């Protein structure tokens, strides 16, 4: 498919004016050799992509450009999101736990009545975004992609610190069009609603195109000013939609089935040095049949073939972003970070009428998802999926490329990180100040810690546990120990150093430890205003 030419991002009208460079100095506490000139920041996030779905984390899917970032940078073995779209994006943008930012559950509808609090469904006034903080420090700020933390226009990206925006305001939608049928989805171009053309549109390409255009126009107008680009892809979130040229690349690849592919990924992960021998491959869940006994094999093969093609196309777009930075001479002093918003999704996009008559999965008019058997492959070697707080739901690849700073290129780190850590990390590298007040509202202190020491091979100083809660899933990690449960079932306790894939529940053997950890967790719940977990029944 040829590059889309139906829009011109350079010269878009209606954006907020760019702030002049403030001239702030830049140091990183002398921890490492860091350029005096403040770096550009490019934060790239995939949607519903599992831990092992890229080549440098064990996949058979062709991701040469993401792999290039890994070869030149640092890979985290233990980096966490919030298990689902909205809560991850809220924490990533604010450095707060999702309840503190107003996103205890999912985004609220544009016509829903205001209900302020931890579950209001849009970013609140007591949080400040990465874009707002970095723009105050003299950065230009751009967002290409999925927003999903505020449906009303007054809560859109340009009202939360972004100078320019193009993308999907809502969650999942067709990659070829915006449906006029409920649930209504919204795309925006600046501050205005935007409708794709009838032909030639593919969401992933459009988001890549706009990201490249933002970088190029910035270089023309503000060459000496640093920029922050948040590139939030919708791929590979269902519906499974891909371009035929990409789908063809994976013909026959998945005919061997999910059991063989999962074992192959696990072996590759061990060979790469990503996994140690103590990270055992978890067994198939009871709901997943052995591949040899599976029915409708051709459809199952097609689903994963399309899913792979979606990631492939995203990687191609990331390659264009990298090449643009290189062409403009910005590579050495640009931080590029890549991650996913949650683990692979076992969701059924549609239980009936998956596709229109005569339409194959992957084509316009289809609404299929790859479901639990392939999600189990995506999350190799872990258990469970998106929306669970077990490792399969919350662990993500995290790649950091910053050629002039990152030491030990192509290596892995065992440092534990979380999306709340982006705020203090970017504050440090940008020489920015976190405000006590913003727009006449008091701002809550951020929760994360800076990851900058890890870039130079030093330990990250974290004194507080990490916490999770969303839609009945609950967890806390304190050092190597983790408690986790779903829908008020009994708490499980794991030692992640000795048992990274959560196969040995120590809740009875370590009952005193469990008691102390659950008490600490309950204190946190009260602090941030958690209520949804308490309303969940013990049944799934």
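Looking at this structure, is residue 120 in the same structural domain as residue 436 (by TED's automatic domain parsing), crowded, with 19+ Cβ neighbours inside 10 Å and farther than 29 Å from residue 366 by Cβ?
Working: in the same structural domain as residue 436 (by TED's automatic domain parsing): yes; crowded, with 19+ Cβ neighbours inside 10 Å: yes; farther than 29 Å from residue 366 by Cβ: yes.
When the stated conditions are applied, residue 120 passes them.
Given (1) touching a helix residue (DSSP H, G or I) at 6+ places or on another chain (Cβ under 8 Å); (2) under 18 Å from residue 62 (Cα atoms); (3) surrounded by fewer than 18 Cβ atoms within 10 Å (Cβ to Cβ), identify the lone condition not met by residue 267.
Answer for residue 267: the failing condition is (1).
Give the number of residues within the range 161-182 that are touching a residue at least 12 places away in the same chain (Cβ under 8 Å) and surrounded by fewer than 24 Cβ atoms within 10 Å (Cβ to Cβ). Write out each step before concluding.
So in the range 161-182, the residues touching a residue at least 12 places away in the same chain (Cβ under 8 Å) come out as 161-178.
Remaining after also requiring surrounded by fewer than 24 Cβ atoms within 10 Å (Cβ to Cβ): 161, 170-174, 176-178.
Count: 9.
Kindly establish whether residue 504 is touching a strand residue (DSSP E or B) at 6+ places or on another chain (Cβ under 9 Å) and either under 21 Å from residue 93 (Cβ atoms) or loosely packed, with under 14 Cβ neighbours inside 10 Å (or both).
On the way: touching a strand residue (DSSP E or B) at 6+ places or on another chain (Cβ under 9 Å): yes; either under 21 Å from residue 93 (Cβ atoms) or loosely packed, with under 14 Cβ neighbours inside 10 Å (or both): yes.
The answer is yes for residue 504.
Could you give me the residue pairs with C-beta distances under 9 Å whose first residue belongs to the range 492-504 and is on the phi > 0 side of the Ramachandran plot, whose second residue is not in a loop (DSSP other than H, G, I, E, B) wherever it lies, and which are 6+ apart or on separate chains?
Final answer for the pair search is 502/391; 502/392; 502/482; 502/484; 502/492; 502/494.
Would you point out the residue of the range 325-340, among those that are surrounded by fewer than 18 Cβ atoms within 10 Å (Cβ to Cβ) and in contact (Cβ under 8 Å) with a residue 40 or more places away in the chain, that is nearest to residue 397 (Cα to Cα)? Give the derivation first.
Restricting attention to the range 325-340, the residues satisfying the condition of being surrounded by fewer than 18 Cβ atoms within 10 Å (Cβ to Cβ) are 326-329, 332.
Within this subset, residues satisfying the condition of being in contact (Cβ under 8 Å) with a residue 40 or more places away in the chain are 328, 332.
Numbers: 328: 28, 332: 22 Å.
Only one residue tops the list, namely 332.
Among the listed residues 337, 420, which satisfies the condition of being within 23 Å of the chain's Cα centre (by Cα), modelled with pLDDT of 95 or more, part of a strand (DSSP E or B) and under 23 Å from residue 131 (Cα atoms)? It would help to see each step written out before you state the result.
Numbers: 420 fails: part of a strand (DSSP E or B).
None of the other options fit; the residue is 337.
Using the structure shown, decide if residue 429 is at negative phi, surrounded by fewer than 21 Cβ atoms within 10 Å (Cβ to Cβ) and either at pLDDT below 95 or in contact with a helix residue (DSSP H, G or I) (Cβ under 7 Å, 6 or more places away or on another chain) (or both).
Working: at negative phi: yes; surrounded by fewer than 21 Cβ atoms within 10 Å (Cβ to Cβ): no; either at pLDDT below 95 or in contact with a helix residue (DSSP H, G or I) (Cβ under 7 Å, 6 or more places away or on another chain) (or both): yes.
So residue 429 does not fit the description; no.
Condition first: at pLDDT below 95, over 26 Å from residue 404 (Cα atoms) and either touching a helix residue (DSSP H, G or I) at 6+ places or on another chain (Cβ under 8 Å) or assigned to a strand (DSSP E or B) (or both). Can you find one or more residues in the range 18-34 that meet it? Please lay out each step first, then the result.
As a first pass, look at the range 18-34 and keep what is at pLDDT below 95: 18-34.
Applying the additional criterion that residues be over 26 Å from residue 404 (Cα atoms) yields 18-19.
In the following step, the residues that additionally are either touching a helix residue (DSSP H, G or I) at 6+ places or on another chain (Cβ under 8 Å) or assigned to a strand (DSSP E or B) (or both) were identified as 18-19.
Scanning the range 18-34, I find at least one residue that is at pLDDT below 95, over 26 Å from residue 404 (Cα atoms) and either touching a helix residue (DSSP H, G or I) at 6+ places or on another chain (Cβ under 8 Å) or assigned to a strand (DSSP E or B) (or both), so the answer is yes.
Among (1) within 26 Å of the chain's Cα centre (by Cα); (2) modelled with pLDDT under 95; (3) more than 24 Å from residue 79 (Cβ to Cβ), there is one condition residue 529 misses while meeting the rest; what is its number?
(2)
For the range 131-155, which residues satisfy the criterion of being within 20 Å of residue 210 (Cα to Cα) and surrounded by fewer than 23 Cβ atoms within 10 Å (Cβ to Cβ)?
Passing the criteria: only 135.
Can you tell me which residue within the range 102-111, out of those that are in contact (Cβ under 8 Å) with a residue 12 or more places away in the chain and closer than 16 Å to residue 152 by Cβ, is surrounded by the fewest Cβ atoms within 10 Å (Cβ to Cβ)? So that I can check it myself, show each step before the final result.
Kept after step one, since they are in contact (Cβ under 8 Å) with a residue 12 or more places away in the chain, are these residues of the range 102-111: 102-110.
From what's left, closer than 16 Å to residue 152 by Cβ: 102-103, 106-110.
On the way: 102: 28, 103: 35, 106: 17, 107: 26, 108: 21, 109: 13, 110: 15.
Going through the qualifying residues, I end up with 109.
Taking helices (runs of 4 or more DSSP H) that fall entirely within the range 200-310, which contain at least 3 residues that are under 21 Å from the mean Cα position of the chain (by Cα) and assigned by TED's automatic domain parsing to the domain that holds residue 55?
Values: elements: 203-221, 244-247, 257-272.
It comes to 203-221.
May I ask you to list the residues in the range 69-108 that are more than 18 Å from residue 126 (Cα to Cα), part of a helix (DSSP H, G or I) and at pLDDT 95 or above?
Matches in the range 69-108: 69, 70, 71, 85.
The values are calculated or read from the model by the stated rules, or taken from the named source; none is laboratory data. As the structure is a prediction and not an experimental result, all values here were calculated from the model. Please note: Cβ atoms are built from the backbone with ideal geometry, for glycine as well, and neighbour counts cover all protein chains shown.
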